[in-house]
Amino acid sequence: MGKPQFGQVSNLITHLNLRSLRPAGTKTRQIPRGYGFNLVSCPNYFFESIVWVAFTALTQDYAGKSRGRRRPAGVGATPP
């Protein structure tokens, strides 16, 4: 399993863990424990950042880096 898949599956597990903290029809609140919560306070954001870092590494690009290179010559140029 690659890093993006690991991040997505871990994010899903975290969301299911958070969802199970409050049973339907109750107002009880619990402190989340277990997968990811022992490492960081917001594992859903942590695993989401793992996905985006892996995506950036796999595509070798980040937002806005290659905009100028991919434009064909003459497109978007100002007329003389």
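Summary of values
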read-out	value
The one condition in (1) part of a loop (DSSP other than H, G, I, E, B); (2) within 29 Å of residue 58 (Cβ to Cβ); (3) not hydrophobic (A, V, I, L, M, F, W, C) that residue 29 fails to fulfil	(2)
Enumeration of residues in the stretch 52-77 that are more than 30 Å from residue 34 (Cα to Cα), part of a helix (DSSP H, G or I) and either at pLDDT 85 or above or β-branched (Val, Ile, Thr) (or both)	59
Whichever residue in the stretch 1-26 is surrounded by fewer than 12 Cβ atoms within 10 Å (Cβ to Cβ) and in a helix (DSSP H, G or I) and, among such residues, is farthest from the chain's Cα centre (by Cα)	19
Among (1) assigned to a loop (DSSP other than H, G, I, E, B); (2) out of contact with any Lys or Arg (no Cβ under 9 Å at 6 or more places or on another chain), the one test that residue 49 misses	(1)
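The values are calculated or read from the model by the stated rules, or taken from the named source; none is laboratory data. In this text, all values refer to a predicted model and were calculated from it rather than measured experimentally. So basically every Cβ, Gly included, is an ideal-geometry build from the backbone, and we count neighbours across all protein chains shown.
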